Structure formats: structure tokens, C-alpha cells
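Undergrad: Provided herewith is a single structure, encoded as C-alpha cells, for subsequent inquiry.
The values are calculated or read from the model by the stated rules, or taken from the named source; none is laboratory data. As the structure is a computational prediction, the values presented were derived from the model and not from experiment. Positions of Cβ are generated from backbone atoms using ideal geometry, with glycine treated the same way; all protein chains shown enter the neighbour counts. Side chains included, ligands, DNA and RNA excluded: accessible areas come from the protein's heavy atoms. Shrake-Rupley method; radii C 1.70, N 1.55, O 1.52, S 1.80 Å.
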Amino acid sequence: MKVSYNWLKKYIPLTQSPEEIEGVFTLLGFEVESVESKGLPVLDGVVVGEVLERNQHPNADRLSVCRVGVGEGKEDKVIVCGAQNYKVGDRVPVALPGAVLPGGFTIKSSKLRGVQSDGMMCSGKEIGYGEDGAGLLLLAGDPLLGAAINDVFPDDDYVFDLEVTPNRPDCLSHIGLARELAAAFNIELKFPSVQFSGVAEGASSADDCLKSVVIESKEQCPLYVAHVISGVKIAPSPEWLQTALTAVGLRPINNVVDVTNYVLMELGQPMHAFDAAKIAGHKIVIRQAAEGEKIKTLDGEERTLSSRMLVIADAEKAMAIGGVMGGAESEVDEGTQDIILETAYFNPSAIRWTAKRLNLSSDSSYRFERGVDSSSVASAAQRAIDLILETAGGTVLSPVYKEGAETDEQIEITFSPDYIRERCGFEISDDQISQFLQALELSIASRNDEAKEWTVAIPSFRSDLSRPIDLVEEVLRLYGTDKIPSAVVRFPGIVGKDDPICLFNRRASAYLVGQDFRECMNYTLRSGEEMKQWQTSAQAEGLKLANPITEDQTHLRSSILPGLLDVLKLNRDRKTGITRLFECGRTFSEENGQVNEMISAGFLIAENEDEIWLKRSPADFYLVKSLLFQVARFAGFDLANHPIEAIEKEGSTWQAGHSAAYDNAKAGISYQVGLINLSHLQARGLKGNVYAGHFSILPARLKGEKKRKQYKSFSTFPPALRDLALVVDQAEPAGDVGRKLSRIGKSMLSGRFDLEDINVFDLYKGEGLPAGKKSLAFSLVFRSEDKTLTDEEVNIVFQKIQDEVEAKTDYQIRK
Amino acid sequence: MEQNLNRLIEKARHEIGAVKTRADFEAFKARFVGPKGDLTQIMKGMGKLSKEERPIAGRLINSAKATFQELFDEVLERIGNEELAAKLGPAIDPSLPSPDANSGSYHPLTQVREEICRIFKQVGFSVAEGTEVETEYYCFDALNTPADHPARDLQDTFYFPDKARFGNISKKEEEGYLLRPHTSSVQIRTMLEQEPPVRIISPGRCFRRDTVDATHSANFQQIEVLYVDKNVTVRDLKALLDYFFESLLGKGTTTRFRPHFFPYTEPSFEVDFSSKHLAKVGSDWVEIGGCGMVEPSVFESVGYDPDEYSGFAFGVGLERIAMILYGIDDIRYFYQNDQRFLKQFV
């Protein structure tokens, strides 16, 4: 919302500097995005000129050669000009040779395409007046020929660009913001006086222009007021009006249209003027658009409407999209003699839907969708009529059509001043509270100090106030939110624990950082193309957004790893020497048409590409497996107790035969670990091996704070070791063999002592073994709680274990 | 005899330098004290001596034996040391760089997040987490932002198609799924689960349909705090934020509230801080976050009695704080993960 300092001064006697006002706006809750200083810089040699002749340039299609008068007794200048928006007789700023324009640009006499040019006709932008550089600045109001341009624009002005929050539609107007300043400075607000109080008795009939107004859609248009004004003379607006509109960024068009815009900016009530001659059947119907109905709006676009939208129509066609924008066909133009002035109240959510759907936001729709004060519809029309009669003449015909009714209810809030103090937490006196509320025109309808019960009447423009809590903010705003007294933090203790997700991330990150990994953060959204490589297309479909903004961010990530591979590539390209990366974050896994949000940790180890004086042994599967298992432990899972499956299928993102995976939907965990598929790496332009691990768990399955462990005693006696080598099928995983051996071992002990551990200490394939077999050598650790084991008792058990292995399994004992 | 012994010791001393290995040593030792060794020969000659000479000779021989033992010990120690040195390899050059010099590091956003969590933990806030995918109800409706409310303009949100199904994200009714535009949904779900008093801090990723530039990221992170109890006041909120910013930015940091509008708080404020500890900022007010007293209708939607309880919420953008703290001028660096960036914050 742009607000002019000079404009505000029409309603309040401001003596404060623009800087002070900027500060006050800020602390009232209107963030000041910019303050623009209007008015001209002091310009020597720039004067008012008049275009006397305009001829085509002999050598350039787009240039004209003009004779320009620059004042009585001064020689006319010949000026070559490239602008198109002017005609003979227009008065424009002329920079004479020697003038220096903003930006240090000095005007000289010079030849332009062979024609001598003695100066320059200027746009507003060229002389530092506004941002419009599209054409010459046409000077309205017949300024004195030859006068210094600074005399034409004597007033400095400051324009504040304010952020008005959606709860304060009343402040989308100068009067609304003036009211706020008046409250803050405790000065009186002067409303513009209204002369027009209704159609004069005996006024001529409006029948020739407008016979009826019918609201068919009461829900979307609760109130519609139409005034017929006959005999207006359409012309450029007077200078004060043009200046005011230009200051707040509006382009002056003609007196009638400018008045509607002025009142919009003054009071916040949008309005629209139709050319009465263009209304077919002298009839206005406020109805839903027909599905697919078309209208050309004032901005020149043809719009196709839906039946949820509201139009202002005549007997034949839509003339305007209600509350959003007028149509080009019923526009007021130079030939207009009779106008119909529309003021109305439209349903905010309907306007909002329409503006959004049409992608068409106007000053009107912006206000209607936030909520206009329906009680001001009539008075705003009167204000506009005053200004139309003043600037364009004409008479108001009878009758005034008013259909529907104001929607505002009278709202009162009953509260106790103690409540305000309790919520604030510090002392504000009753007198202060009372003064603040009244300054904001929240009049105190009744005040019972004994019962501590006050009632304030809420004016119709403050639709944001309905409860006592709303008054707390009003009181605080005027008290000054920068004056809230400081205090110490005084909170009672609450027993609370950090969420298990947070604990897992902390522990896993601390571990991986300790293992020299660098933590990365990648976007959650990834491309569909990539998703197809890491997921099936059905899975990818479930992860897709409805409204992505870019091609490369269309899907939820299913894995941390693609992002890490991107990071690796970026760092490789930049030769930063990165090797170990990780990220903890959310991923999304699709299964059977359902997506689950997972807690994940992914890491990778790449080869160091740099030559280094001391070579380290490269990463391998068993390193990343150990890292991954440790990460899983932080989630409360010991993966050693879960089966692990080698990835043998070709064509996944993992290298077959060099990676493994586990997916346990019941436990809500899954992981992949090992070597990333080499052809996948190649396709990404990554050379060398990349070992990685990715662990995911359903948040609900995370074990948070560990249960406090109970101490278990441990044996102080030495262990007895026995080695056992088994010849097994090459295809049989060592883990399976170990588990089977452990089970047999434990079953043979019958409580005499413990088989504490079984460790693989050798793996052998090749000579001396039958084809397709391998030898696994295990070390069995026996120990007793209460004595040193004798060879004899261990041997008995060890023999039993061997017998059982031979009897119950296909394994052969290698002697 | 004495001369013989001395000559023998002299000879041994002379040869000692040539003894390099344990095998050399065994041969060397045998030459003197082995069965045919020179010293053994002399000892054997004792028998020929007279009764009177024997004690003297005995003393001489014992002394020589001791000297030999010293020599042997000396050689053995030297060989032992040499063997150890061979095992150890050549001496290191401590000035050579370690090939393991790439240490691990936390991402700067993690560091700032954890620091903020620690500061709030000190005054009794614990971390609550939610999901990144949320529903319209928990992100908007429950937060006093109905479907056609203009406040929804403040956030342009990523949505999922109507057919999308999320297994572990519960819906209120049949509302649509979205990527949460703020972490306030965590407050709603927490309040639905537990009775007051509630004091939580919820960090997490949020998403808005912003075009990425130096200060905007479609994917960003927020930290929100929520405190609900009896008699919580605006002044308490101010006190907490004063404490927080002074903890984060150092003594002498001040904060300022400016009235603002958020649908889920009433009254609402934007928070500015000013700190002399940040060179780039100077003494200006820097906008840092939003806060306010929890809107009574939010309490109603989670079943708290707004007449009995009051509370406040405060939220900041993690990237924004990190950029201010570290003087980073482009938000995209956080998600590029250039190692030269990451390692600056160890």
C-alpha cells in the first residue's frame, strides 16, 4: 500500500518528519518497505515547452522533428524526439542545452540522424519524477510556457510503501492510516466533508439511462448502489488529482475514472463508473457468469469466466467482473456524457476465488477480498459524487438505486481492564487503556469500574476486533510494543524429553562426524527422472507433488544417497578433495500404494582422487557394513540379529555381488549397504568406487531414551577356546552357518557353562576342498561363571557339538 | 693368568662391534664361555694351580666372568634395540601432512539448530518433532487459517494430488496432504497429545513455493517454541526472547517487538534484534522472527480452555539466523555442500 505524506496531511495536521512517521508506522504494525522522496530534484535549464509542430524525421521512421515553444520572447527550438505519446499542443518538460539531468546527463545541441536537435523533451523518469520512462511527461493544467519545471512541481512529497497485514483492510486507505497516526499522536482526524446528501427533489428521471438494478446473486453481492450522473464532461483531471494519484503509483486517465480511483485510495471503497450509453436495455443485472462467458477487461485481455464468478451485466452482456475489473466495452471515454457510478459490497471469499482463478488482482479485488466496510458504501459514493460534480460537472438523476443491505453487525466487546493487564503481564492504568481505545475510535459504551466491566463499541471498519484478546493488541500497539518492560525468565520445571527422532539424529550424526564424515544437507524434493532409477515407476508416482515449481524438484526423496552423490560430483568438479559424506533426514518410502515418512541416515565413502604420499587402504564392504550397523544401534536395533541379504540382481543402483539389503516392513526398518552400481556412478560422471550405506526406520519404531540397564555380573575365570572348521556349500552365507553352529552349541551345554562367543577366524576356498565348497573356521569361546574349566569337561561338550553338527547338518568337519 | 684374562677381555671388547645379530651373538658368546671357549679353557687350567694360588685365581676368574656378563648384556641390549628400531621403521617426519586430515564436521545449520535447542533446553523446553508431509487441517485449519482466508496467501504451499496416501501421517478428515509450510503443525499435534503445561521447541524442514535466490529457498528450516500454562503473559514472551537472543548473540543484545499479524497468534509481533557483536549488522534493528500469544481459537481446536490457559509461540528461520551469525550472504550455499564451505564451521 502506497501512502502519500501530503495526502495524509489532508486529514491530520502532521508536523512530524517523514523519518519519524516511518518509525511510528513501523511500531504500529505497518512495516515500511520503502520511503520514496517525490517531487523534482532542482533542475536548471529544464522548462515547460509546448509542441508547436511535429514532423516525420527524414531519415528515421521512429523519430519526429518538432518545433517547440519554450517561452515568450524565446526562440522556438527544433528538437528531435523518439517518443510517441504526445501531440501538437501538449506541454512537456524541455531540457535546454546545458541542462544537467539526474544521473549527470548533460544536454547538448547535436545532430540526430542528420537533423540538428536543440535540447530534449523529457519523460518523467528522465527528470527524476516517478518511474515512468515510456513516453514524454505530459504536463496537465496548462502550466506557464517557459516556466522552470521546479515551479510546476513545487511540492515535495514522500511516499511510504507499507505492508498492510490481511487483518487490516481498513488501512488500505489514506483515511485508515491517517486514523492510526492520529491515534498514535493523539491528534484529531478530519474527515473529508461531504456535500452531496441525496438526489435533489425534482431531479430529472434516470429512466433514459437506467431503468432497473436487479441482484440475482445476493450471496455474492449483498449490497449494490448505483447513481446516475448525467451531462458530465470527460476531460483530464485537475492537477491536484493527477498529482495525488501519480504519487501513489496510479496513472491518471480522465476526471471520472480518476475520481473513482482517488476515493478508492482515500476511503478504501472500490467503485466503478460505466458509460450509461453503453448499457443495453438500461438495465443492470448482478448475476453469476454463464460457464464459458467471455469478457474483455479494461486491461485489454479477453477473459473466460466460470459460473462461480459474478458479473455486472446489462440486458445482453457482462459489463464487468464484479469487484474485480470493469469491461472494456462499457468503459468511460472521451465521448461519455452520462455515467452510472457503482458502489457495492461483494463477498470476500467469492472475490478471492475469482481473482485467484483468473490470476487477476486489481486494487478493487485486493480490498474486496480482504473485506470492505459495507457501511461506508453509500458515503463513499457521496464523496465520489462531490468530486465528479466538481471535476466533470453533471447532475445526479433520480432515483438512486440501492439494492440489498449493509452486512455489518454492531459488535460490542465486554471485558475487564484487569484481563488486559493479566495478558500483558505488566501495569497499564485504566486511564491509559481508556485513552488508547478511544484514540482508535473504539468508543467505550459503558464502563462499570466497580464490577470492572467495560463495553466498547466496535466501529464497522474494524472487522478484525471481536473478542477481549483483540483489544489487548490494540492497547499494546498504542502503549508501544517497544516499551514492554524487560523481565527475567521465570518458568516452573516441566519433565520433558527430547523426541526420539532428535535423539537418533544427534547420536548418528555425532558418530559419523567422529568417523570423519562431513554432514551435508540436500533438498527433500528430487527429480522424477532420478526417482525412476532408485524406485519403480509405481513407487515414484506415489511420491509426486501436485504443484511443483521446477522440473528437477517434483518428487519426495526416497533416499538420502542421490543427494550425497550430487554433492560428491560437485566437490569432485571443484577439486575440493571430499571423501566422506553423510546426511540424516526424512525420506519417503512407497509400498502398496501407501507412502511412509521415514527417519533415515545415509553416508558414502569415495576414493580420494588426489595423489598422496601415504596411501591408505581403500574402503570395502565390511567397513560400511560396520558403520551402518552402528548407526542402526542408535535407533535401538542390533542388525547382527537380523538376516542380511546379498544384492544379486543386476541393474539396481547397487552393484550386484558387492552390496546387501534388508527390508523388514514389520519392524519398520530397511537398509542397503555396499558398493554403488559402477555404471550408475559412471553415468553421473563419478570415477572410482563409492561405498555407501542407507538406513531407514519408521519414526514410531525408534527407541528413544534407552531404558536404564541393569548390571549383570560377569565371569572372572579364563575362557577355554576350541577351533572348528566346517566345509560348507559356497553359496551358504557364513552368517547362517554361524547361527546354526551357535544354536547347536548352546543346546549341547545343558547349563554347565556358557558358549560365550563364536567367531569366524578363517575363510578358505580352493585346493583341497571339493568343488563348490568352502571352509569356514570358527573359534568357540567357552567360559564358566564359577570356575576354571578343565580340558576334559570342555572336550566332552566340544565332541558332542561336533557329533551333532555331523548328525544334523550337511556340514563336514574339516579335520 | 691375570694377563691372560685381561687379554681375553680386551679381545672380546675388540670383537664386540662386529656382533650384529642374535646368531653372531651366540657364536661370540660361545667363543669365550662355550664348552670350548677361551675363558672356559682358562677355568679348566685352575686344577693345575696350587692350593694357595686357587683363591686368588678364583677371584680373578669371577671378576672376569662378571665383566663378560656385562659385555653380553650390553650386546644383547644393543641388538634388542636394533631389532625394535628395524620393526618400527625409520623415524617419522612430524611435519609431513596426515593423509587423514579431512576431519568430520557438522553442517552449520545443525550447529546453529543444536545451539538454539541447548539455549531453550536450559529454560525447560524439550524437542518435539513432526512430519514434513502434513495435512491442510494441521497446517491451516487448526491454526485459525480457514480455506479462503487471505492469510493463506502468505504461504504458497506444495500440495500432493488427491489420490496421495500417506501411511504414517494422520488426517483429521478428508483434507489434502501438503508439505508443511511451517513447523506450527507440530504444536497442534503436541497439544492434541498432551495436557498443559507444554513447553516444546520444534525444529524442522519447511517448504514454500518460492523461487530460489540468494535469500529464498523452497526448502528451508524453522525453529518454533511453544509454551502453554496458566497465566503466561506477553511480558514472559519478551523475557524469554531477551534471554534467547542474549544467549545466542552475547550480552548487550536487545530485542524489539513490532505488532504484526499471524492467524495463529493474538496479539502477534515481529521480532527485531540489535547486537553490537555482529560487525555486518551494526546497531540497526534486524528482523529475525515472528511471535505472539496463542490465538484462543487454536486452543479451542486442540481442546484447551482458552479462559484457563494462555501461551505463546515464537518462530525463526534457521538459515536466516545462521546467515546472520556467520555472515553468509547466499542461502544456497547451505544446500550445495561445497567442502570449502562445510569445513569453515568446524
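Undergrad: Compute the separation of the alpha-carbon centres of segment B:32-68 and segment A:2-41 and state it in Å as a whole number.
TA: 119
Undergrad: Show the residues, 5+ positions off or on another chain, whose built amide H is closer than 5 Å to the amide H of B:Thr265.
TA: B:Glu295
Undergrad: Please compute, over every Cα-Cα pair in segment B:108-345, the percentage with a separation greater than 22 angstrom.
TA: 54
Undergrad: Working with all protein chains in place, sort B:Thr211, B:Thr233 by solvent-accessible area computed with a 1.4 Å probe, largest first.
TA: B:Thr211, B:Thr233
Undergrad: Kindly rank A:66-79, A:292-305, A:621-634 from highest to lowest mean number of other beta carbons found within 10 Å of each residue.
TA: Numbers: A:66-79: 16.5, A:292-305: 14.9, A:621-634: 19.1.
Going by the mean number of other Cβ atoms within 10 Å, highest first, we get A:621-634, A:66-79, A:292-305.
Undergrad: Would you mind checking the radius of gyration and Dmax of segment B:1-116 based on alpha-carbon positions, in Å?
TA: 28.5, 98
Undergrad: Using only the Cα atoms of the protein assembly as shown, build the gyration tensor, take square roots of its eigenvalues as a ≥ b ≥ c, and label the shape rounded, prolate or oblate: rounded if a/c is under 1.5, else prolate if a/b is larger than b/c, else oblate.
TA: prolate
Undergrad: To continue, here is another question. Averaged per residue, what accessible area in Å² does segment A:553-596 show with a 1.4 Å probe, protein chains only?
TA: Counting only protein heavy atoms, the per-residue value for segment A:553-596 is 30 Å².
Undergrad: When you look at the Cβ of every residue in A:495-505, what mean number of other chain Cβ atoms sits within 10 Å?
TA: Working: counts 2, 12, 3, 9, 9, 2, 6, 11, 2, 1, 5.
The shielding value for this peptide is 6.
Undergrad: Next up: Mind running the shape call on segment A:117-261? Use the C-alpha gyration tensor, a ≥ b ≥ c as the square roots of the eigenvalues: rounded below 1.5 for a/c, prolate if a/b tops b/c, oblate otherwise. Spell out each step's value before the answer.
TA: Working: a/c = 2.09, a/b = 1.38, b/c = 1.52.
Oblate shape, in that a/c is at least 1.5 and b/c is the bigger or equal ratio.
Undergrad: Over 21 Å between Cα atoms, which of A:Lys666/A:Lys740; A:Lys483/B:Lys238; A:Lys283/A:Lys317; A:Lys707/A:Lys740; A:Lys709/A:Lys740 qualify? Each step should come with its number before you reach the end.
TA: Details: A:Lys666/A:Lys740 24 Å; A:Lys483/B:Lys238 10 Å; A:Lys283/A:Lys317 11 Å; A:Lys707/A:Lys740 30 Å; A:Lys709/A:Lys740 29 Å.
Table pairs above 21 Å Cα-Cα are A:Lys666/A:Lys740; A:Lys707/A:Lys740; A:Lys709/A:Lys740.
Undergrad: Roughly speaking, what is the stretch gain from A:Ser398 to A:Asp723, that is 0.36 nm per residue apart minus the C-alpha to C-alpha distance, in nm to one decimal?
TA: Details: separation 325, 0.36 × 325 = 117.00 nm, distance 11.42 nm.
Additional length available on full extension: 105.6 nm.
Undergrad: Show me, for segment A:450-466, the HN-Hα J-couplings you get by feeding each phi into the Karplus relation (A = 6.51, B = -1.76, C = 1.60, θ = phi - 60°), rounded to Hz, glycine and proline as x.
TA: 6, 7, 6, 10, 10, 10, 10, 8, 9, x, 5, 7, 9, 5, 8, 10, 9
Undergrad: Using only atoms on other chains, find how many Cβ atoms lie within 10 Å of each Cβ of peptide B:252-263 and report the average.
TA: 5
Undergrad: While we're here: Would you mind giving the mean number of other chain beta-carbons within 10 Å of the Cβ of each residue in A:586-594, as a whole number?
TA: Rounded to a whole number, the mean comes out at 3.
Undergrad: Amide H of A:Glu607: which non-local residues (sequence gap of 5 or more, or other chain) have their own amide H closer than 5 Å, using H built in the peptide plane?
TA: The answer is A:Asn689.
Undergrad: Ignoring any ligand, DNA or RNA, what whole percent of the accessible area of segment B:2-88 comes from carbon and sulfur when the probe is 1.4 angstrom? Walk me through the numbers before you get to the answer.
TA: Values: 3320 of 5990 Å².
About 55 percent, which is the carbon plus sulfur part of the accessible surface.
Undergrad: Heads up, I need the accessible area for B:Ile92: 1.4 angstrom probe, whole protein in place, Å², nearest 10.
TA: Result for B:Ile92: roughly 140 Å² accessible.
Undergrad: If DNA, RNA and ligands are ignored and the probe is 1.4 Å, what is the ranking of A:Trp534, A:Trp654 by accessible area, most exposed first?
TA: A:Trp534, A:Trp654
Undergrad: Also, I was wondering about something else. Can you grab the distance from the C-alpha centre of segment A:532-558 to the C-alpha centre of segment A:613-660, Å, no decimals?
TA: Rounded to whole Å, the Cα centres lie 27 Å apart.
Undergrad: Determine the principal axes of the Cα atoms in segment A:42-101, then give the extent along each, sorted from largest to smallest and rounded to whole angstroms.
TA: 34, 23, 19
Undergrad: Straight-line reach only, C-alpha to C-alpha below 20 angstrom: list the lysines that B:Lys20 could link to, leaving out same-chain residues fewer than 8 apart.
TA: Filter leaves B:Lys11, B:Lys29, B:Lys87.
Undergrad: Using the Cα gyration tensor of segment A:354-469, with a ≥ b ≥ c the square roots of its eigenvalues, what is the shape: rounded (a/c below 1.5), prolate (a/b larger than b/c) or oblate (neither)?
TA: Prolate shape, in that a/c is at least 1.5 and a/b is the bigger ratio.
Undergrad: Taking amide H positions as placed in the peptide plane 1.01 Å from N, state which residues far from A:Glu53 in sequence (5 or more) or on other chains have amide H under 5 Å from it.
TA: A:Arg67
Undergrad: Return the value, in Å² to the nearest 100, of accessible area buried between chains B and A (probe 1.4 Å, both sides summed).
TA: In total, this chain pair buries about 8000 Å².
Undergrad: Using the Karplus equation 6.51 cos²θ - 1.76 cosθ + 1.60 (θ = phi - 60°), what ³J(HN,Hα) coupling, rounded to whole Hz, does each residue of segment A:192-203 give in order, writing x for Gly and Pro?
TA: Per residue, the Karplus-derived 3J(HN,Hα) values read x, 7, 10, 8, 5, 10, x, 5, 5, 4, x, 5 Hz.
Undergrad: Quick one: how many Å² of B:Arg340 are accessible to a 1.4 Å probe, rounded to 10?
TA: B:Arg340 exposes around 120 Å² with every protein chain in place.
Undergrad: Where the only charges are on Cβ atoms (+1 Lys, Arg; -1 Asp, Glu), what is the dipole of the protein assembly as shown about its Cα centre, to the nearest 20 debye?
TA: Dipole magnitude for the protein assembly as shown comes out near 6520 debye.
Undergrad: Separate question: To the nearest 10 square angstrom, what accessible area does A:Lys87 show with a 1.4 Å probe?
TA: 130
Undergrad: So if a site counts as exposed when it's one of the GluC sites (Glu not before Pro), its DSSP state isn't H, G, I, E or B, and it has at most 14 other Cβ atoms within 10 Å, what's the longest stretch of chain B without one?
TA: Values: sites that count: B:Glu52, B:Glu173, B:Glu174, B:Glu308.
That would be B:175-307.
Undergrad: Heavy atoms only, 1.4 Å probe, whole protein assembly: order A:Tyr419, A:Tyr11 by accessible area, highest first.
TA: Listed by decreasing accessible area, they come as A:Tyr419, A:Tyr11.
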